[in-house]
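The structure appears below as structure tokens.
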Amino acid sequence: MTSTSDERVGPPSFGSERETLRAFLDYHRATLAMKCAGLADDELRERSMPPSTLSLLALVRHLAEVERAWFRRTFEDGETPMLWSEKIDFQAAYDVSGSGRAEAFAAWEAEVETSRRIEREAPSLDLAGYQPRWGEEVSLRMVMVHVLLEYGRHNGHADLLREGVDGTVGA
């Protein structure tokens, strides 16, 4: 079994709430990218087990939707369409039959940059936004924690998927 090269920057041992949340979120974003590093499109499309549509590429697409739904749609434009579905259907991102690294990572990276911009420009973690899916206002703090938990859960999937593709293990 091989191990992946780990160039992620860990969160600070001491820092403000905002610095810590930002760093943990970026750490988990880097973890997803690391789990996909060096794989060809067909390897990124490898599914966990039938009938599941879970794959590394599906996770990248899904997390692009998560970033969009929780940052862009909550704090900028609740009418922004989802990337891979007409309605809010997070499962649509799991259909990777016509997708590849370039398309999925371009979308994910664009959404991550939008999310980072929204967070940087916010006066505080108490910034309120309207989450259209829930039909209620939420704070930037809540959104950052929610998205962090999404990455943590899905990076666990990514660990297993990557090991199944080529035996690579590691953080």
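The values are calculated or read from the model by the stated rules, or taken from the named source; none is laboratory data. Predicted model only: the values in this text are computed from it and were never measured. Here Cβ is always computed from backbone atoms with ideal geometry, including for glycine, and neighbour counts include all displayed protein chains. All accessible areas refer to the heavy atoms of the entire protein, side chains included, with ligands and DNA or RNA removed. Shrake-Rupley method; radii C 1.70, N 1.55, O 1.52, S 1.80 Å.
Which one of these is farther than 24 Å from Ala128 by Cβ and assigned to a helix (DSSP H, G or I): Met49, Met34? It would help to see each step written out before you state the result.
Numbers: Met49 fails: assigned to a helix (DSSP H, G or I).
Step by step, each of Met49, Met34 is checked, and only Met34 is farther than 24 Å from Ala128 by Cβ and assigned to a helix (DSSP H, G or I).
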| message | Condition first: in contact with a Leu (Cβ under 8 Å, 6 or more places away or on another chain), open to solvent by less than 20 Å² (accessible area, probe 1.4 Å) and either closer than 22 Å to His28 by Cα or not in a helix (DSSP H, G or I) (or both). Can you find one or more residues in the range 70-91 that meet it? | response | no
| Close pairs (7 angstrom Cβ cut-off, 6 or more residues apart or separate chains): over 19 Å from Phe90 (Cβ atoms) in the range 105-118, surrounded by fewer than 21 Cβ atoms within 10 Å (Cβ to Cβ) anywhere | Ile118/Glu76
| message | I'm trying to understand the selection: among the residues of the range 38-53, which are modelled with pLDDT of 95 or more and open to solvent by less than 70 Å² (accessible area, probe 1.4 Å)? | response | Leu39, Ala40, Asp41, Glu43, Leu44
| request: Out of the residues in the range 113-171 that are modelled with pLDDT of 95 or more and in a loop (DSSP other than H, G, I, E, B), state the one that is surrounded by the fewest Cβ atoms within 10 Å (Cβ to Cβ). | output: Pro123
| Would you say Gly98 is small (Gly, Ala, Ser) and either in contact with a strand residue (DSSP E or B) (Cβ under 8 Å, 6 or more places away or on another chain) or at pLDDT 95 or above (or both)? | no
| task | Output yes when any residue across the range 17-31 is small (Gly, Ala, Ser) and closer than 19 Å to Gly167 by Cα, and no when none is. | result | no
